[in-house]
1. Beyond a 22 Å Cα-Cα separation, which of these cross-linked pairs lie in this structure: Lys136/Lys212; Lys100/Lys129; Lys157/Lys218?
2. Give the separation of the Cα centroids, the stretch 184-203 to the stretch 108-137, in Å.
3. Sequence neighbours fewer than 8 away in the same chain don't count; with that in mind, list the aspartates and glutamates whose C-alpha is under 14 Å from Lys126.
4. Give me D for the stretch 212-269 in µm² s⁻¹, whole number, from Stokes-Einstein with Rh from the Kirkwood sum over alpha-carbon pairs, 4 °C and 1.567 mPa s.
5. Specify the angular offset, from 0 to 90 degrees and rounded to the nearest 10, of the alpha carbon long axis of helix 170-183 from the longest principal axis of the alpha carbons in the chain.
6. For the chain, find the longest principal axis of its Cα atoms and tell me its angle to the long axis of helix 11-20, 0 to 90°, nearest 10.
7. Treating the stretch 143-269 as a set of equal point scatterers at the Cα positions, no solvent, please give the Debye-formula log₁₀ I(q)/I(0) at q = 0.15 Å⁻¹.
8. Using only the alpha-carbon atoms, how far is helix 68-88 inclined from the longest principal axis of the chain? Give it as 0 to 90 degrees, nearest 10.
Amino acid sequence: MNTKFDSVITLADRLERLNAYDVSPDDVIVSPRIARYKTAGFDNEIEKPDRASIVGDAIMSFVSGMTAQNQADIQHSYLFASLVANKKYPRDDEGDEWYKTFLEVMQSCGWTILRHYHDKVAASGKSFKMDQLVLKILGSAVAAAAVPGPTSLLMLKVAGDAIAALQTNDKSLRLFDQNIQESGTGGFGVASCHETPHGEILMALGAVRFIKRTNQTKVLFVDWDSSSVDLYRGECHMTMVPTIISATREMIVAKLGERAKQKIDEYEI
């Protein structure tokens with residue numbers, strides 16, 4: 001795939017792509033949770049605490065101060081892009097193709113991909129923990145974003161807090177494990193999202209793809225044998241284009257349907 005993420009794409013092209021992407025499971029029903037984000041009089045109330053969400057096979061953290069609409073747009077576009085990639089490249093050995101497709105769909109949704117990277121990675125030592133590995137990858141993505149020092153530290157802190165809080169949140173952790181099992185692709189991501197005082201929406205993402213040779217079912221907070229798994233890392237940072245997101249929002253919501261309720265769970269950190 002020769003997708004150039006820095007190329008100019010018209011709104012018409014984005015909408016045509018979104019309409020063509022296949023995320024169909026079966027009956028798609030728009031849930032009440034999604035409907036409330038579609039109302040014309042959306043309340044841009046500020047979320048006070050830092051927050052986190054399970055979004056499909058990702059853990060997403062949000063620095064306090066982000067509007068609820070922007071948070072919803074991030075959740076929905078990420079979930080949509082991952083579902084498209086999961087359906088097109090379901091095997092765990094198709095990580096490179098999956099990653100490129102995911103980024104292409106994020107671009108179609110209304111994100112500008114500023115930098116992206118995907119390659120094989122080796123764990124240090126005989127055993128390792130996935131949660132520690134993915135935070136290191138996210139740290140590299142945040143550093144590459146070249147945001148001001150305090151913002152960089154804050155984005156990493158809320159991501160670390162989101163993972164720590166997940167360890168004691170049985171409901172959200174069960175959903176995360178379930179989403180990974182259902183996707184079957186052998187991968188997950190951790191993202192940190194920040195809305196600047198000027199209204200710019202930034203997202204840094206660290207992702208791990210694993211091809212395991214054991215029947216281990218748990219992903220986070222357990223020791224992995226380095227010799228029993230092949231590992232790949234993905235990292236990127238991107239910025240939202242609000243005018244594009246506002247134009248693609250309705251189509252994304254309609255195609256997600258009930259899954260936006262079933263595969264997303266929010267929690268405070």
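1. Lys100/Lys129; Lys157/Lys218
2. Cα centres, the stretch 184-203 to the stretch 108-137: 13 Å.
3. In chain and number order, the partners are Asp223, Asp225, Asp230.
4. 81 µm²/s
5. 90 degrees
6. Once rounded, the angle reads 60 degrees.
7. Here log10 of I(q) over I(0) equals -0.94.
8. It is inclined by approximately 60 degrees.
We did not get these values from a lab; they are worked out from the coordinates using the rules stated. Only a predicted model underlies this, so the values are computations on that prediction, with no experimental measurement involved. Note: ideal-geometry Cβ built from the backbone for every residue, glycine included; neighbour counts use all protein chains shown.
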